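All of the numbers you see were taken from the coordinates with simple rules; none came from a lab. All values derive from a computational prediction rather than experimental measurement. Note: ideal-geometry Cβ built from the backbone for every residue, glycine included; neighbour counts use all protein chains shown.
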Amino acid sequence: MATSAHAYVRGNTLKFYEWLEASDTTLPQGPPVWICGDCHLGNLGPLADMDGRVDIQIRDLDQTVIGNPAHDLIRLGLSLAMAARGSDLPGVTTARMIEQMTAGYMHGLEHPGRRVDIDDPMPASVRTVIKASVSRKWRHLARERISDVKPTIPLGRRFWALSAEEKTAIRALFDDPALHAMVTGMLRRDERSTVTVRDAAYWMKGCSSLGRLRFAVLVEVRDGASHRLGLFDIKEAVEAAAPRSVVSMPRDNAERVVTGARAIAPFLGDRMRAARLLGRSVVVRELMPQDLKLQIDRLSRAEATSAARFLAGVVGRAHGGQMDDMLRRSWRDELSRGDATELDAPFWLWSSVVDLVADHEAAYLEHCRRYALAEAA
């Protein structure tokens with residue numbers, strides 16, 4: 001998180017909502033739909049469905065709730081603004097990015113069923129990631145995640161040894177009929193095929209993993225002489241920080257994550273399952289070779305506005321797919337309302353991003369001070 005101000009965005013979800021609540025800006029109450037809840041640049045990227053088709057969707061749904069879509073827009077706006085600052089772009093570029101974000105989001109609202117096409121207008125960095133995603137195979141995933149295509153997970157800095165209790169619990173989980181059927185279906189095998197856990201390890205994926213269950217599991221599905229390997233991620237589901245609307249939602253956190261994923265990122269949601277492991281609520285999902293994170297480290301002025309429009313369109317399609325025509329029209333009208341600022345974007349969006357950038361910068365510098373003191377100790 002101390003690497004850059006933009007990197008700090010990814011780890012401050014709770015602070016984001018605290019800052020937003022303390023802001024003087026009054027937000028519109030958008031239609032209650034499933035939102036990402038943590039909609040920053042790193043949480044969008046190429047995803048594959050069970051047939052291997054690729055689309056750009058929201059790829060992390062830990063914070064998903066039925067809530068106000070304005071929260072996703074503001075979180076994305078903050079992320080884009082910090083990316084622009086990290087690229088030494090002038091403030092006027094950030095203003096244009098917010099305008100293009102609004103235009104892209106509204107276009108996405110009106111075309112909820114449309115998949116991204118490689119010929120769509122988009123930054124070169126995004127097009128490069130999509131092309132790489134489409135061509136990836138199992139060997140690429142294996143070498144990237146577990147260093148080799150052999151059916152073992154190498155222990156070290158990222159992967160830690162399991163206790164006997166954890167090993168037994170994971171094997172029992174994959175013996176469960178419901179999960180057995182999911183695994184054979186994902187790996188294109190008959191339900192009568194055998195499912196064997198070949199290896200498993202605790203997966204250290206950053207500070208958010210500490211104190212929570214997080215496992216990488218290498219599974220083999222065998223059907224006679226034919227067999228296939230799959231890599232599964234087991235992640236503990238915890239309470240969301242994002243504010244929720246007063247509507248019915250699954251009480252179980254893993255069920256909440258899976259239900260939300262199926263609503264706003266079906267390519268991912270359709271290959272996730274909620275389960276219980278060691279008395280805790282977890283989400284199990286297969287990792288696909290095509291699943292990649294967007295890495296947008298440096299932006300030119302043209303790329304900044306193009307990225308804002310393109311990525312907001314992805315979010316607009318995710319939200320719009322849950323609205324009927326009347327709700328979409330009402331929400332679009334709210335977003336289209338003019339303001340004395342003459343910025344072609346809602347004033348509440350611009351004002352929120354400006355306030356949050358100031359809070360974020362101060363908190364980031366304080367975080368870096370504490371980090372430097374810890375290093376010196």
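Take the alpha-carbon positions of the stretch 41-91, form their convex hull, and give its projected area averaged over all directions (one quarter of the hull surface) in nm². For the stretch 41-91, the mean projected area of the Cα convex hull comes to 4.9 nm². Add +1 for every Lys or Arg and -1 for every Asp or Glu among the other residues with Cβ under 14 Å from the Cβ of Asp117, and state the total. Value of the local net charge: +3. Remark on the stretch 37-186: Rg and Dmax equal 19.9, 57 Å (Cα only). Let a ≥ b ≥ c be the square roots of the eigenvalues of the Cα gyration tensor of the stretch 1-89; is it rounded (a/c under 1.5), or, if not, prolate (a/b larger than b/c) or oblate? It comes out oblate by the Cα gyration axes. Distances between every pair of Cα atoms in the stretch 207-283, grouped in 10 Å steps from 0 to the bin holding the largest one, split as 17, 40, 31, 10, 3, 0 percent. When you filter the trypsin sites (Lys or Arg not before Pro) in the stretch 66-115 for DSSP loop state and at most 16 other Cβ atoms inside 10 Å of their Cβ, you are left with Arg114, Arg115. Under conditions of 4 °C and 1.567 mPa s, the stretch 96-183 yields 72 µm² s⁻¹ as its translational diffusion coefficient, taking Rh as the Kirkwood radius over Cα pairs in the Stokes-Einstein equation. Taking GluC sites (Glu not before Pro) in DSSP loop conformation with at most 15 other Cβ atoms inside 10 Å as exposed sites, the chain has its longest uninterrupted site-free stretch at 1-190. The overall shape of the stretch 244-377 is oblate: from the C-alpha gyration tensor, with semi-axes ordered a ≥ b ≥ c, the ratio a/c is 1.5 or greater and a/b is no larger than b/c. Report, in listed order, any pair from Lys131/Lys293; Lys137/Lys205; Lys137/Lys235; Lys137/Lys167; Lys167/Lys235 with a Cα-Cα distance greater than 18 Å. With Cα atoms farther than 18 Å apart: Lys137/Lys205; Lys137/Lys235; Lys137/Lys167. Diagonalising the gyration tensor over the Cα atoms of the stretch 51-124 and scaling each eigenvalue by 5 before taking the square root yields semi-axes of 23, 17, 14 Å, largest first.
With the simple spin-label model, which puts each label point 7 Å out from Cα in the Cβ direction, the Ala7 to Ala164 separation comes to 4.1 nm.
Scaled to the globular estimate 2.2 N^0.38 Å, the Cα spread of the chain, given as radius of gyration, is 1.01. Here's the list of aspartates and glutamates a cross-link from Lys15 could span, going by alpha-carbon distance under 19 Å and ignoring same-chain residues fewer than 8 apart: Asp24, Asp38, Asp60, Asp62, Asp72, Glu239, Asp355, Asp359, Glu361, Glu366.
For the chain, the 222 nm mean residue ellipticity estimated from helices alone, with every DSSP H stretch of n ≥ 4 adding -39500 (n - 2.57) and the total spread over all residues, rounds to -15000 deg cm²/dmol.
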